[in-house]
Amino acid sequence: MTEKQRRTAGPIPDQTGRVFVVTGANSGLGLATTRALARGGGRVVLAVRDERRGREAADGLAADGVDPGLLDVRRLDLADLDSVRAFADGIRTDHPRLDVLVNNAGLMAPPRTLSPQGHELQFAVNHLGHFALTGLLLDLLAAGRDPRVVTVSSINHRQGTLRFDDLTGERGYAPMAFYNQSKFANAVFGQELHRRLTAAGSPVRAVLAHPGYTATSLQTKDTSGLARLVFGRIGNPLLAQRPERGALPQLYAATDPSVESGEFIGPDGLGELRGAPARVRLSAAAADPGTGRRLWELSEKLTGVRPPGL
């Protein structure tokens, strides 16, 4: 069997006994990831903003043959750092260890909105919430079996930059530009986390993934009018792949034994829009250690979370 066949054929490796947290697990990529992990025997915490929708998703998975005993629905609003802390406290109470955290949830191109702590909403949800969650759960992950943090970025990280002088968009806000900023922050964070974990001798691997162009509610639910038209009404029907295919890179990053810390996994097709999971290029700007250090220190300040040992 060729490497590509191995990456696309059959189920993921057996995950029996492993514990996963998947953010945004009630729909799209998160739901597809949860389904595959639980079918592989993994216990999955569905971290969702809306518990009712989370329970409906879990019921749907159970009706589809997934063992309901492997599914645990818990509320997590990544926009609100108080909710992140409450979620992490609950996980710490019930789980002596975690094996994989999949930082999957995302928000795309809404009108300018601020989080409860005053941060631009896309930066808050896509980056700051996941930074805080990772830091608060890192010691549980260090106790896990083949532990990993998988952070989902985007092709769009290559178009992003960090507006350190106007992160909230007060002086100028463009929905897609600030989405690109948040996905760039994901990529910068994933690489800086890898560097710090490696330097600390931690067993945790930090891996980045992106889904290519995948049809999910990301492009339609909270997006502003023009982005909803371009992506949801036109792009999705013509170009996008299904979530089950789009989730393959993050599943590969979370479960394949050959994946190494610091790698970026995405589709291997034209323009990385679709295809089998493969190692893809991270932009030079996202890999810059100086940018990584600056974002990390700022994220600690904005969240009040200092990941232990890093």
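The values are calculated or read from the model by the stated rules, or taken from the named source; none is laboratory data. This is a predicted model, so every value here is computed, not measured. Cβ coordinates were reconstructed from backbone atoms using ideal geometry, including for glycine residues, and neighbour counts include every protein chain displayed.
Descriptive notes on the structure:
- Looking across 58, 86, 63, 47, one residue alone is at pLDDT 95 or above, over 24 Å from residue 187 (Cα atoms) and buried (at least 24 other Cβ atoms within 10 Å of the Cβ). It is 58.
- Annotation note: of 18, 49, the sole residue that is of a type in the set (Lys, Arg) and either in contact with a helix residue (DSSP H, G or I) (Cβ under 6 Å, 6 or more places away or on another chain) or free of Cβ contacts under 8 Å to residues at least 60 places away in the same chain (or both) is 49.
- Complete set of residues in the range 284-299 that are buried (at least 16 other Cβ atoms within 10 Å of the Cβ) and either part of a loop (DSSP other than H, G, I, E, B) or free of Cβ contacts under 8 Å to residues at least 12 places away in the same chain (or both): none
- Where a residue in the range 110-138 is closer than 20 Å to residue 171 by Cα and touching a residue at least 12 places away in the same chain (Cβ under 8 Å) and its partner, wherever it lies, is part of a loop (DSSP other than H, G, I, E, B) and among the acidic types (Asp, Glu), with Cβ under 8 Å and at least six apart: 110/222; 115/80; 116/80; 117/80
- Members of the range 137-183 found to be of a type in the set (A, V, I, L, M, F, W, C) and under 21 Å from residue 45 (Cα atoms), listed by number: 137, 138, 140, 141, 142, 143, 149, 150, 152
- Residues of the range 88-130 that are in a helix (DSSP H, G or I) and charged (D, E, K, R): 89, 92, 94.
- When the criteria are applied in full, residue 275 meets the requirement of being in contact with a strand residue (DSSP E or B) (Cβ under 6 Å, 6 or more places away or on another chain), of a type outside the set (D, E, K, R) and part of a loop (DSSP other than H, G, I, E, B).
- The range 101-153, subset more than 13 Å from the chain's Cα centre (by Cα) and basic (Lys, Arg), residue nearest to residue 188 (Cα to Cα): 112
- Scan of the range 255-306 for residues that are at positive phi and modelled with pLDDT of 95 or more, ordered by number: 262, 304
- Unmet requirement for residue 25, which otherwise passes all of (1) in a loop (DSSP other than H, G, I, E, B); (2) in contact with an Asp or Glu (Cβ under 7 Å, 6 or more places away or on another chain): (2)
- If the condition is being more than 14 Å from residue 119 (Cα to Cα), of a type outside the set (A, V, I, L, M) and outside any helix (DSSP H, G or I), then the range 173-206 contributes 201, 202, 203, 205.
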